[in-house]
Structures are given as C-alpha cells and as structure tokens.
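Data block below; observations after.
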Amino acid sequence: MKGDAKMTCDYKKGFADQTKEITVSSLEVEGVIPDWLSGTLVRNGPARFRLEGKTLNHWFDGLAMLHKFDIANGHVSYANRFLDTPALRAAKDGKMKYGEFATDPCGSLFKRITQVFTGSTSGANANVSIGKIAKEFVAQTETPLPVAFDIDTLKTIGIISYSDELKGNLTTAHPHQDQGDQFNYLLSFGRKSTYNVYRLSDGSKKRQLIGSYSTDRPSYMHSFGLSQQYLILMEFPLVVNPISMSVRGKPFIANYTWKPERGTRFSLVDRQTGEVRYAHTDEAWFGFHHVNAFDNNDHGKIDLDIIVYPDADVVQYFYLNSLLNKRNQEAYPKNELRRFTIDVSAGTVSSRRLVDHSAELPRINYEQCNSKTYRYVYANGIARQGESAFLDTVVKFDLAGDIKEWRQDGQYPGEPVFVAGPDTQSEDGGILLTVVLDSTANNSYLLLLDARDLSEIARASVPQHVPFGFHGAYIRS
Ligand code: CO
C-alpha cells in the first residue's frame, strides 16, 4: 500500500450530502482580511448525492447548491441554498425524475428521445458554474438552461428565456467573456449534429450566431478556447452517435465512447466572419478545462493551453462508486498542462508539455490575460503525484518554470479564484479565494492566499462542510 491511507481517504467527506441551508452573518476569522477586498464569492456545486435511498452514480450528478461569501470591512458572511429546480422539487417528493450526467431514472423510450432531442424534460440541475446573462446572475450547466438567482438572497428566480430562435441540446458551463461580449456554443443533435457558435452582448438575452459546422460524431467537451481571433473547439475522441443515444437507454455520458484512432480535431471559428478552419493531430487527448489561448503572431499560429489526460478514464474515476469505495490503491489520473500550437493555414498541430504536475480546476488572472500571453496558472493539484487519490493542494504554475504549492494534511481545497489587488499592473498581484474541506474538523473554510507566493492571509470558518463543488465567481462590490 502506497502512502498514508488515513490521509488520502479523508476526501470522501467532500461527497457527503449537505442538506442544511444556513445563513451566518459573521464567520470566525483567523488572520486579517485586507481592507481593499470587498465583494462576493459565489460558488456552485452538487450538495446532495443520495436520492430514493440510492446514491447517484457520479460527482457531476448531485443536486446544485449555491454558496455565498460576502466579504467587507474584514468580515465574512456565509449563506447556502439549493437551486430550486424541477430536479430539486422531484427530489423533495422522494423521486429521481430527470436524467443527469451519469444517472438516469430510466424513462420510456419516447421520453428519452424527447429528452435527447429537445432537452425539454431536463431537470435544469445547473450545478457547474456561475455566470451572468443580461442583468441576472445564473447557475450554469451543460444543458442550455441557465437558472437565474438573486445574488442577495440566493433565491432561485427561474430558467432564463433567451429572446432568439437559437436551439440546441448541449452547451458548456464555461462561456468566455471579452470586451462586453460572451461567447459559447450550442450543440444540436441530429443525424448530422451542428455546433452553433454564438455571441451574447452585455445586457442582452439575444444570442447572435457567429458560425456553424456539422459533424457525424459530436465530442464531449466541457469547455473551449478563445483567442483574439478564434473560438477553438478541441474535439477529443470521446464521441457519441446521437441516433443510437436516443434508443440505447443509457445515462448521458455512458453513450460516449473513446475512439483514440480518430485523433483530436481542432475547429477554429473566426469571431468576426464565422468562417471555420480545421486542424488535426493523430494524437488522442481528453480534457475538461482549457486554460488560455492566444494568437501567436508568428506566422498565423494559435497557442492553446489546456490540462489534458492521455485518455478519458478520468470520467470513470469521478463515479461516486469509484471515489467512495477506493481503498487507496488507485491514484488520481495523471494529467499535464500542455500547449498546442495550431498552424491555421496548414491545418497542423504540434504540442509540448508546459507543466508535468497533475492539476484540475485551473484559473488565471482572466481580466488581464484572457486570450493574451500570460505567465501564471492557479489550480488544485495533487500533493503526491501518483499516490494522492484526490485533489488536495493549491498550486501556482509559473510558465517560466516554477511551481508553488499550498497544502496541509487532511485539507482539500477547491478551485482557487483569482481576485486582482489594488496594483492591477502585476499579473499575480492579488488574492486567491478557495473553499477548503477540513476533513479532520469535518467543516469547510474560506481560505485567502497571497497569489504571489501562496502564503496564507486569512481563513473564515463555516460551521458545516461544503461538499466538493466545481466553479465560482467573484463579484466586486
Ligand atoms: Co468546469
């Protein structure tokens, strides 16, 4: 047996249900919160994994809960609320009624086809990320049904209706922003499936189609890249035949198969003209999170940085059955931060490893560096490569070569959100906000780290645990 069994199994508490909704006006703070930090961190993630006396299949399946940390004058308040969706209401009646990422209540064939091709029976369990559409904050997932909520009370307002005719079955919970525009795509399943790439201007609910292209085997993609010129869809060979999906009776992701012989295709949609260019590598990669992309003005090339795995086994790794019954022999799947350089006119791709250290939930100084050259990446890492079973550190990758790390025994930090400090000139002059599970005390706390050296600034304790979630957003006061 490798490593310290006790320490590496403690993470399982992060998958325990949290059904208690609380409001705490002032959390106990250790350390000193800087005066300039004034705003709200909202986080999204699953909080209930057990329904009808059964455990859902996958980390991504749990019912969405919002968590909010208001920071002002050195104080922090906390509140958490379930997102009030059809999925939650069915759960309150003791039922699982809607298909999730990897769990399906096994509806009739007709119902399934309806669900796949219209999305109309989705439970809108938007448990992945936080965004903003028009004036409303939204919880987002991969079905295109963002759920609006009130930022002050965390009360659910309802599913956003767009004022356009664009339709699709799938999207990403990772839209990009640039200069007042939001970018994302809608995938429409069919005999030929279509990616519809769109722009949504600030304050608007009308999505404008930028460009489209079709494919016979859509890829499972959790995010995409954005450079100044292109949206870049990195189509991993984890693909689905949408026609058989509608009849096979399997949960959503179980319909996708790993076909490494297809290699990896990059589809580049010009942000201005909508023209689509393609590039291809025979290498098979899989990933969830793009980190950044930028036009490399040297001969019309694009650099695209993404955390990649050599295959899609990580999807299996996140099944709760695997995460909760693991007896410590299996380590977190190895991945790496890799740079793909795309020669747009030749349609060719070369790549090199930037950092050889497994990590997930990456963030950058987005406001300053999105779609531009940059130097620093913050993420959750693995304390002991090849041994730790779950993400248990905060790491900072300096692409010039250095790695910094924050870790403490039995502590499991989540996605580190970068907040720029008063000196907005420097790329890493700011604070990282991360919610950490203390597996010993069985509660969580908001941890503030100096983004320059990952030294601890302060922590604010929540009187209960916050289950492992995915993404959050910081909103300045
Ligand atoms: Co994500």
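The values are calculated or read from the model by the stated rules, or taken from the named source; none is laboratory data. Quick caveat, the model's predicted, so the values are computed rather than measured. Using ideal geometry, Cβ is built from the backbone for each residue, glycine included, and neighbour counts are taken over all protein chains shown. Heads up: the accessible areas ignore ligands, DNA and RNA and are worked out on the full protein's heavy atoms, side chains in. Shrake-Rupley method; radii C 1.70, N 1.55, O 1.52, S 1.80 Å.
For the range 1-81, the mean projected area of the C-alpha convex hull, equal to one quarter of the hull surface, is 8.0 nm². Applying 0.36 nm per residue to the separation of Glu165 and Asn325 and subtracting their alpha-carbon distance, the gain on full extension is 53.0 nm.
Counting only protein chain heavy atoms and rolling a 1.4 Å probe, the accessible areas of Ser371, Ser214, Ser322 rank, largest first, as Ser214, Ser322, Ser371. Across the chain, C-alpha contacts under 8 Å between residues 6 or more apart give a mean separation that, scaled by the residue count, equals a relative contact order of 15 percent. Among the protein heavy atoms of the chain, carbon and sulfur supply 47% of the accessible surface, probe 1.4 Å, non-protein parts ignored.
Fully extending the segment from Gln272 to Asp398, taken as 0.36 nm per residue of separation minus the present Cα-Cα distance, adds 42.1 nm.
Between Glu28 and Lys334, take the C-beta separation as r, use R0 = 56 Å, and let me know the FRET efficiency to the nearest 0.05. The formula returns an efficiency of 0.90 here. Quantify how much of the Cα-Cα distance distribution of the range 242-325 extends past 14 Å, in percent. That fraction is 77 percent. The residues of the chain have, on average, 39 Å² of accessible surface per residue, using a 1.4 Å probe with all protein chains present. For a straight C-alpha distance cut-off of 23 angstrom, the lysines reachable from Lys135 (same-chain residues fewer than eight places away being disregarded) are Lys68, Lys155, Lys167, Lys205, Lys206. Given bins 10 angstrom wide, list per bin the percent of all Cα-Cα distances in the range 168-307, short to long. P(r) for the range 168-307, in whole percents per bin: 12, 42, 34, 11, 1. With every protein chain in place and a 1.4 angstrom probe, the accessible-area ranking of Phe390, Phe137, largest first, reads Phe137, Phe390. Its relative contact order, with pairs defined as Cα atoms under 8 Å and 6+ residues apart, puts the range 141-180 at 45 percent.
Shown is the FRET efficiency for Ser244 and His280, computed with R0 = 35 Å from the Cβ-Cβ distance and rounded to the nearest 0.05: 0.90. Sorted into 5 angstrom bins from 0, the C-alpha pair distances of the range 153-219 split as 4, 15, 23, 24, 16, 11, 4, 2, 0 percent. Toward the positive end of the charge dipole of the range 155-260, with +1 on the Cβ of Lys and Arg and -1 on the Cβ of Asp and Glu, the farthest Cα among Trp258, Ser161, Gly203 is that of Trp258.
How many percent of the alpha carbon pairs in the chain exceed a separation of 44 Å?
So the pairs more than 44 Å apart make up 7 percent of the total in the chain.
The distance between label points at Arg375 and Asp202 comes to 2.8 nm (points 7 Å beyond Cα on the Cα→Cβ vector). Calculated mean residue ellipticity at 222 nm for the chain: -2000 deg cm²/dmol, from DSSP H runs with n ≥ 4 weighted as -39500 (n - 2.57), summed, divided by the residue count and rounded to 500. Label reach from Ile457 (point 7 Å along Cα→C-beta): in the range 9-31, amide nitrogens under 15 Å belong to 30-31. Specify the inter-centroid distance of the range 47-84 and the range 226-297, based on alpha-carbon positions, in whole Å. Value for the Cα centre distance between the two parts: 30 Å. Label sites at Lys259 and Leu209, each approximated as a point 7 angstrom past Cα along Cα to Cβ, lie 2.5 nm apart. Of the whole protein surface, Asp17 contributes about 50 Å² of accessible area at a 1.4 Å probe radius.
Based on Cα contacts under 8 Å between residues 6+ apart, the range 217-347 shows a relative contact order of 23 percent.
Would you give the gap between the C-alpha center of the range 423-441 and the C-alpha center of the range 338-415, rounded to a whole Å? Using only Cα atoms to place each centre, the spacing works out to 15 Å.
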